[in-house]
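Undergrad: Dropping the structure in here first, questions after.
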Amino acid sequence: MTAELPLPVKKDPRYKDRLVEIVDREDIPLELRDSPIEALIMRLNFGWPVMQSNSPQLLISTCIEFRFSLPMPRMNSYVIRRASGRLVGSEFTIGYCMAQGVNHVAMIGHNDCGMTRAFQHAPRLVDSYVNQGWSRKSAQEFVDKNLQRYHMQDELEALQTEYIRLKALFKKLVIAPLFVSLYDSRLYLPKFYVEGLNQSSFASYNVPDEMIEKL
């Protein structure tokens with residue numbers, strides 16, 4: 001069966017009123033101007049060149065989705081690709097990138113994410129592990145545990161929740177939640193971010209030890 005691209009996000013009622021188009025540089029929030037995140041946006045939406053560097057300044061987190069490819073050259077950014085694109089379980093990796101000088105994180109969600117249908121795939125997931133020699137009991141328990149971690153009801157709501165969680169943990173990082181349309185690989189800004197859920201919301205927040213212990 002051939003995979004099909006979904007509708008453009010601005011034509012899909014699930015997303016069209018919840019995203020802000022980036023049609024020129026003036027649509028990029030001031031806090032992202034002249035930053036590695038702006039360079040990423042200009043690259044994907046307008047084809048601008050990006051520079052290689054021996055000291056990357058950006059960490060990009062996105063989904064494993066095979067219908068989306070990052071058009072970034074080597075020696076530019078750190079990249080994490082995992083189911084759902086969320087960084088739960090990757091906090092040590094974030095710390096490593098920060099230790100290398102990274103101060104900017106781009107979280108890229110997308111439409112028509114398979115993780116919104118993860119429970120539908122559960123039986124096949126279990127079978128795939130059993131086929132590798134796992135007991136069915138262990139496979140079922142593993143799948144049940146991780147479905148809770150990776151499943152999402154709504155891509156934009158999950159992006160917002162993860163943005164809030166990461167800003168609570170890494171308040172000095174510049175984190176930008178972005179949303180890519182699989183139809184044409186253009187980036188959009190979520191309205192929740194544009195309308196005020198920005199970096200300053202967490203400026204005076206101290207990270208509780210209890211939150212760190214749960215990672």
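The values are calculated or read from the model by the stated rules, or taken from the named source; none is laboratory data. Only a predicted model underlies this, so the values are computations on that prediction, with no experimental measurement involved. Every residue, glycine as well, gets a Cβ built from its backbone with ideal geometry; the counts of neighbours run over all protein chains shown. Quick note on the areas: whole protein, heavy atoms, side chains included, nothing else; ligands and nucleic acids left out. Shrake-Rupley method; radii C 1.70, N 1.55, O 1.52, S 1.80 Å.
Undergrad: Over 31 Å between Cα atoms: which of Lys145/Lys167; Lys11/Lys171; Lys145/Lys171 fall into that group?
TA: Numbers: Lys145/Lys167 25 Å; Lys11/Lys171 35 Å; Lys145/Lys171 29 Å.
The answer is Lys11/Lys171.
Undergrad: Compute the long axis of helix 36-46 from its Cα atoms, compare it with the longest principal axis of the Cα atoms of the chain, and write down the angle in degrees, 0 to 90, nearest 10.
TA: Approximately 80 degrees, to the nearest ten.
Undergrad: Quick one: compute the contact order of the chain, relative version, from alpha carbon pairs under 8 angstrom and 6+ residues apart, as a percent. All intermediate terms of the calculation are to be shown ahead of the outcome.
TA: On the way: 299 pairs, mean separation 54.0, N = 215.
Averaging sequence separation for qualifying contacts and normalising by length gives 25 percent for the chain.
Undergrad: While we're on this one: Using the alpha-carbon atoms, what tilt in degrees (0 to 90, nearest 10) does helix 155-169 show relative to the longest principal axis of the chain?
TA: 70 degrees
Undergrad: May I ask you to list the GluC sites (Glu not before Pro) in the range 117-215 that are in a DSSP loop and have at most 12 other Cβ atoms within 10 Å of their Cβ? Walk me through the numbers before you get to the answer.
TA: Numbers: sites: Glu141, Glu155, Glu157, Glu162, Glu195, Glu210, Glu213; in loops: Glu195.
The qualifying sites are Glu195.
Undergrad: Moving on to the next point. Take every DSSP beta bridge whose two residues both sit in the chain, then give the antiparallel share in percent to the nearest 5. Walk me through the numbers on the way to the answer.
TA: On the way: 5 of 21 bridges.
Restricted to the chain, the bridges split so that about 25 percent are antiparallel.
Undergrad: Compare Asp184, Asp34 by solvent-accessible area with a 1.4 Å probe and give them largest first, with all protein chains kept in place. Let's see the in-between values first.
TA: On the way: Asp184 70, Asp34 130 Å².
Ranking Asp184, Asp34 by accessible area, largest first, yields Asp34, Asp184.
Undergrad: To continue, here is another question. Which one of Leu147, Gly109, Ala122 is farthest out on the positive end of the charge dipole of the chain, using unit charges on Cβ (Lys, Arg +1; Asp, Glu -1) and the Cα centre as origin?
TA: Ala122
Undergrad: Between Phe46 and Lys214, with labels modelled 7 Å along Cα→Cβ, what's the label distance in nm to one decimal, could you check?
TA: Those two pseudo-labels are separated by 4.1 nm.
Undergrad: A further question follows. Given Cα pairs under 8 Å that are at least 6 residues apart, what percent is the relative contact order of the range 132-190? Please list the in-between numbers first.
TA: Working: 24 pairs, mean separation 11.1, N = 59.
Computed value for the range 132-190: 19 percent relative contact order.
Undergrad: Tell me the accessible surface of Arg43 in square angstrom (1.4 angstrom probe, heavy atoms of protein chains only), to the nearest ten.
TA: 70 Å²
Undergrad: Same structure, new question: Please give the length that would be gained between Glu91 and Leu147 if that part of the chain were fully extended, namely 0.36 nm times their separation in residues minus their C-alpha to C-alpha distance (nm, one decimal). Present the calculation step by step, with values, prior to reporting the outcome.
TA: Numbers: separation 56, 0.36 × 56 = 20.16 nm, distance 1.94 nm.
Here the answer is 18.2 nm.
Undergrad: Show that you can apply the helix-only estimate: for the chain, add -39,500 (n - 2.57) for every DSSP H stretch of four or more residues, divide by all residues, and state [θ] at 222 nm to the nearest 500.
TA: -9000 deg cm²/dmol
Undergrad: Here's another thing I want to ask about it. Please report the relative contact order for the range 86-175, taking Cα pairs under 8 Å with a sequence separation of at least 6, and give it as a percent rounded to a whole number. If you can, show how the numbers build up before the last one.
TA: Numbers: 55 pairs, mean separation 39.5, N = 90.
The normalised contact order for the range 86-175 reaches 44 percent.
Undergrad: Using a 1.4 Å probe on the protein heavy atoms only, what accessible surface does Leu30 show? Give it in Å² to the nearest 10.
TA: Accessible surface of Leu30 is approximately 140 Å².
Undergrad: Right, here's the next one. At a 1.4 Å probe radius, carbon and sulfur cover how many percent of the accessible area of the chain?
TA: Working: 6280 of 11970 Å².
Heavy-atom surface of the chain belonging to carbon and sulfur, 1.4 Å probe: 53 percent.
Undergrad: Just by accessible area at a 1.4 angstrom probe, what is the order of Thr116, Thr62, Thr93, Thr161 from largest to smallest? Show your work: numbers first, answer last.
TA: On the way: Thr116 35, Thr62 0, Thr93 60, Thr161 95 Å².
Largest to smallest exposure gives the sequence Thr161, Thr93, Thr116, Thr62.
Undergrad: Next question, about the same structure. Would you work out the charge dipole size for the chain about its Cα centre, treating the Cβ of every Lys and Arg as +1 and the Cβ of every Asp and Glu as -1, and quote it to the nearest 20 debye?
TA: Details: 26 positive and 25 negative charges, 90 e Å.
Magnitude of the dipole: close to 440 debye.
Undergrad: Can you bin the range 86-137 into rounded, prolate or oblate? Criterion: square roots of the alpha carbon gyration tensor eigenvalues sorted a ≥ b ≥ c, rounded for a/c under 1.5, prolate for a/b above b/c, oblate for the rest. Mind showing how you got there, number by number?
TA: Numbers: a/c = 4.85, a/b = 1.85, b/c = 2.62.
Oblate is the answer for the range 86-137, as a/c is 1.5 or above yet b/c matches or exceeds a/b.
Undergrad: I'd like to check one number: the per residue accessible area of the chain, probe 1.4 Å, reported in Å² as a whole number. List each step's numbers first, then the result.
TA: Working: 11970 Å² over 215 residues.
In whole numbers, the chain has 56 Å² accessible per residue.
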